[in-house]
Amino acid sequence: MENSTLADILFKISTLLEMKEENPFKIKSYQKAAVNIENLPENVEEIYKKGGRPALEKLDGIGKGLSERIEDIIKTGRSSYLDKLRKDIPDGVTEMLNIQGVGPKLAMKLFRSLRIKTVEELLSAAKNGKLKKLEGIEDKKVFNIIKAVENYKNMNEKHFLGEALPYAETIVKQIEKNGLGTKALICGSLRRMKETIGDIDILATSEHPGDLMALFTSLPGIKEIAAKGKTKSSAIFDNGMNVDLRVVDEREFGSASHYFTGSKQHNIKIRKIAISKGLKVSEYGVFKGRKRIAGRTEEELFKALGMQYVPPELREDSGEIEAARKRALPALIDLKDIKGDLHMHSNHTDGTASIEEMAKAAKKLGYEYIAITDHSRSTKVAGGLNEKELLEQMGEIDRINKKISGFKILKGAEVDILKDGSLDFPDELLSKLDIVIASIHSGFSMTKDEMTKRIIKAMQNRFVSIIAHPTGRLIGRRMPYEIDIENVISEAARTGTVLELNSYPDRLDLKDIHCRMAKEKGVKISINTDSHNTNNLSYMKYGIGTARRGWLTKKDVINTLDLGELMDHLERP
DNA sequence: GCCGTTTTCGGCCCGACTGTTTTCAGTCG
């Protein structure tokens, strides 16, 4: 069972407990356990299989009660406790919590007093005046609920990092353009580089907060203003993106950005540490009694708490706070460490740019090398190359390499891993290439066992350098293949195979926690863009963000090596 | 329901906004 599935069940339990007005701290325990499990690199089911409930109870936030619930879930595939809770509260009532302004109390009141049990029923009750029968609900609230339901209905859930980040950057530019916002910073899960994000949070300082709010709320593309105050405004843009802008004083900027960046669990733990030191942390600063002792910068805030600076991408309460207190955080990889890109396509297959155009674009980014890795013959939809075409392409690369100085194009291929784990090209041909990437493009619906064996067999081929997009997921569209990722990582460690972190915004595969797991087993990662045109090369920053979330350093990543070192690394005995 | 360099019992992060209210509960981040 995936950790995310398990975490999901625990989240659902916490929601239902909240609606039943259980002890708030019990509710928090379930939430905390869910978050911890979600961020855990090791598979909880495996932990349980190896060490039983005592092993579970060693995990942070899991005690006797929760280990029993988790055992039940692992053994039966469902939670009898959750099933019991759901009997009393229909799923539709829980769904109403997604409506802005409807929380657990109101949802239950609607259900108990008016028998409203779906979002649709809520909308019609709002429209036909039934809602006003409830105490404490007047016209304004009814109006807001109608608006919120409509927003909920045409909101398409989460947005890709690769979609949200450029959008947010454009808004920041517009805010800073006319000098009203002296400083603006993207915060929230976007700053933490999560693979999908809900809202965009922007923090700004300004000499003229009122004017800045007026500017923000009149930006092009705004569909609706959800709130507009002196220091905070919230707007919904026509692509469904919800953007919050907050303005704070310069001297609060650090503590405010830390607070608005989150994650929630990280903030809670930071505040607890503050309390244990006789301090108080809020978005307005770090306080000793009434005296502000830090807040202008985030560095200052962490220093005041006796900690190392924690980069935003690590702030998930997954060990970063403990490490920062011991000054043991890794020096995370940075975009500028990248010296080349080892996975891209040209117009010989499904790319749109020529090899030379790709090379020149990469050189312009400051890279020393790239690998051209077009598809192999079996990937028919992408126009995969046959042996003869690949040999011709290798000749072309030799010719282009002579033309471009101070830069090297490696001869590569993205070779299909066939259903039996063999490769789409014979070893004799693979041996002529500088780099071989192997990946799966068909036969997704195999059992976990078969799929794991298939990939492991490919890794055992001595010519295979990298496994590309190892889990095959497409975020929001396709689940990962059924594979035993821990086994795959162990085998990669044994064979010295590199695993890819594919930077394509809807892939980000390996994902953050798997990167961390690979690093711990000593497996090297290659962060590649899988570009199909020259613009795609810029996707590298999403891969870097994910790598940082996975605690990777420069030395964990092979395409930070210079060309000579890389060629040595790619040599197989 | 979890947790412990003051604790195995008594705590558990902090503050703003909204809509409804004359002092606050609910919601949100």
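A compact table of results
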{"item": "All positions within region A:192-213 that are more than 19 Å from A:Phe237 (Cβ to Cβ) and of a type outside the set (Gly, Ala, Ser)", "result": "A:Arg192, A:Met193, A:Lys194, A:Glu195, A:Thr205, A:Glu207, A:His208, A:Pro209, A:Asp211"}
{"item": "Scope region A:341-358; condition hydrophobic (A, V, I, L, M, F, W, C), under 28 Å from A:Cys515 (Cβ atoms) and assigned to a loop (DSSP other than H, G, I, E, B); matching residues", "result": "A:Leu342"}
{"item": "Every pair of residues 6+ apart whose Cβ atoms lie under 6 Å, when the first sits in region A:307-331 and is in the same structural domain as A:Thr261 (by TED's automatic domain parsing) while the second is acidic (Asp, Glu) and part of a helix (DSSP H, G or I)", "result": "A:Tyr309/A:Glu299; A:Val310/A:Glu320; A:Leu314/A:Glu320"}
{"item": "Single condition A:Glu224 does not satisfy, out of (1) in contact with a helix residue (DSSP H, G or I) (Cβ under 8 Å, 6 or more places away or on another chain); (2) in a strand (DSSP E or B); (3) within 11 Å of DNA strand B (Cβ to nearest atom)", "result": "(3)"}
{"item": "Unique match (being more than 28 Å from A:Lys511 (Cβ to Cβ), part of a helix (DSSP H, G or I) and away from DNA strand B (no atom under 14 Å from the Cβ)) among A:Glu169, A:Glu176, A:Glu163", "result": "A:Glu176"}
{"item": "Test: residue in region A:202-215 that is within 21 Å of A:Lys264 (Cα to Cα), modelled with pLDDT of 80 or more, in contact with a Ser or Thr (Cβ under 7 Å, 6 or more places away or on another chain) and not in a helix (DSSP H, G or I)", "result": "yes"}
{"item": "Some residue of region A:15-37 being near DNA strand B (Cβ under 8 Å from one of its atoms), assigned to a helix (DSSP H, G or I), of a type in the set (Phe, Trp, Tyr) and modelled with pLDDT under 90", "result": "yes"}
{"item": "Residue check for A:Thr447: at pLDDT below 95, within 33 Å of the chain's Cα centre (by Cα) and closer than 24 Å to A:Val488 by Cβ", "result": "yes"}
{"item": "Helices (runs of 4 or more DSSP H) (entirely within region A:42-146) containing at least 1 residues that are more than 7 Å from DNA strand B (Cβ to nearest atom), outside the structural domain of A:Arg516 (by TED's automatic domain parsing) and of a type in the set (Phe, Trp, Tyr)", "result": "A:44-57, A:80-88, A:104-114"}
{"item": "Neighbours by Cβ (under 6 Å, 6+ apart or cross-chain): first from region A:125-147, free of Cβ contacts under 8 Å to residues at least 40 places away in the same chain; second more than 8 Å from DNA strand B (Cβ to nearest atom) and part of a loop (DSSP other than H, G, I, E, B)", "result": "A:Ala125/A:Ile116"}
{"item": "Criterion violated by A:Ile355 - all others in (1) outside the structural domain of A:Tyr542 (by TED's automatic domain parsing); (2) away from DNA strand B (no atom under 16 Å from the Cβ); (3) of a type in the set (Val, Ile, Thr) satisfied", "result": "(1)"}
{"item": "Any hit, region A:456-469, residues being touching a Lys or Arg at 6+ places or on another chain (Cβ under 9 Å), modelled with pLDDT of 90 or more, of a type in the set (Lys, Arg) and surrounded by fewer than 16 Cβ atoms within 10 Å (Cβ to Cβ)", "result": "yes"}
{"item": "Sole residue being on the phi > 0 side of the Ramachandran plot, surrounded by 14 or more Cβ atoms within 10 Å (Cβ to Cβ) and within 15 Å of DNA strand B (Cβ to nearest atom), chosen from A:Gly188, A:Gly240", "result": "A:Gly188"}
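The values are calculated or read from the model by the stated rules, or taken from the named source; none is laboratory data. This is a predicted model, so every value here is computed, not measured. Glycine also receives a Cβ, built like all others from the backbone with ideal geometry; neighbour counts cover every protein chain displayed.
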